[in-house]
Amino acid sequence: MTARPKRNGMLALLLMALAALLARVAAPNAMLADTRARLALDAVVPESFGAWRLDRSASTVLVEPALQRAIDAVYTQTLSRVYVDPQGERIMLVVAYGRDQSDSFQVHLPEGCYQGQGFAVHSSAPGSVATPFGAIPAQRMIAERQARREAVTYWVVVGDRLGAGDWERKKIKLAYALERTVPDGVLVRVSSIGSDTRAAFVAQQRFISAMLGAVSGDGRRALLGEGRP
C-alpha cells in the first residue's frame, strides 16, 4: 500500500471516529423537517409535462410490487408513477421522502432494494444528467431479473444538499450533526424497461429535464437541493 492510500484511509477512520464521538457527546435533537413546510410529493410533480403524460393503465403492470412495498416501508411519503410519450416510451418515476436521515433511518439506495427483490445489479456507476438547471450528479445502474432488464438513474438529496455518492452524503450528515440537527432526505429514481439501456438513459435524461422544467422553484429545490433556480 502506498503512502497516499494509507493517509486517505487513516483520515477516513479519523473522521468516522470523530463522527461517532459527536454522536455520543452532542446527539442531534432538532429535526430539519420540523422547520419547513410539509412536502406533498403528488403536488410537486405534475401529471403531465412536455411530451410526457401519466399512464394510469401501466402503473400496475410495470411497477414491481415488491420494490414498491420495500420503498413504502422505509419512507415517510412516496410518489410512484409511470409516464408515456407520444412514441410509446414509458418511464417509471419514484420520489421518496424520509423525514429522518440519521444513521438508524436513512435513504435505502436502489442497489440494495433491487438486490433484495432478486435482481442482479451491475454497471452501477456515477454519472451526470444535463438539465437546464445545471448538471445533476446522479448514479446509473442496470438491474436484471429473468427477462426484465431495467435501466435506472437516481440521485439523493440530504437536507438541503444533493449528495453525490455515499461519502459525500456522510459528510453532509456530519455537517448537520455539528449543528445538532437531523436532516430529512429525498430519493429521486427514474427507470425504464428494455434491452437497449443506452437509449433508455438518453430518454431518461429528456424526461428529467422536462420534469424539472415543469415543477415550481420550490419543487426543484426539494428535488435537487438548495442553490437551484
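All of the numbers you see were taken from the coordinates with simple rules; none came from a lab. Since the structure is predicted, the reported quantities are computational estimates derived from the model, not experimental observations. Note that we place each Cβ from the backbone using ideal geometry, even for glycine, and neighbour counts take in every protein chain shown.
Under a no-solvent Debye model with one identical scatterer per Cα of segment 29-224, what's log10 I(q)/I(0) at q = 0.08, 0.14, 0.18 Å⁻¹?
-0.25, -0.78, -1.34
Might you report the magnitude of the Cβ-based charge dipole of segment 182-229 about its Cα centre, with Lys and Arg at +1 and Asp and Glu at -1, to the nearest 20 debye? Can you show the working numbers first?
Working: 6 positive and 4 negative charges, 29 e Å.
Rounded to the nearest 20 debye, it is 140 debye.
Which of HIS108, HIS122 comes first, and how do the rest follow, when ranked by fewest Cβ neighbours within 10 Å?
Listing HIS108, HIS122 from fewest to most nearby Cβ atoms yields HIS122, HIS108.
Along segment 146-155, what does the Karplus equation 6.51 cos²θ - 1.76 cosθ + 1.60 (θ = phi - 60°) give for ³J(HN,Hα), rounded to whole Hz, x for Gly and Pro?
In residue order, the calculated couplings are 6, 8, 8, 10, 10, 8, 10, 10, 8, 8 Hz.
Which order do peptides 89-99, 152-162 fall in by mean Cβ count within 10 Å, highest first?
Going by the mean number of other Cβ atoms within 10 Å, highest first, we get 152-162, 89-99.
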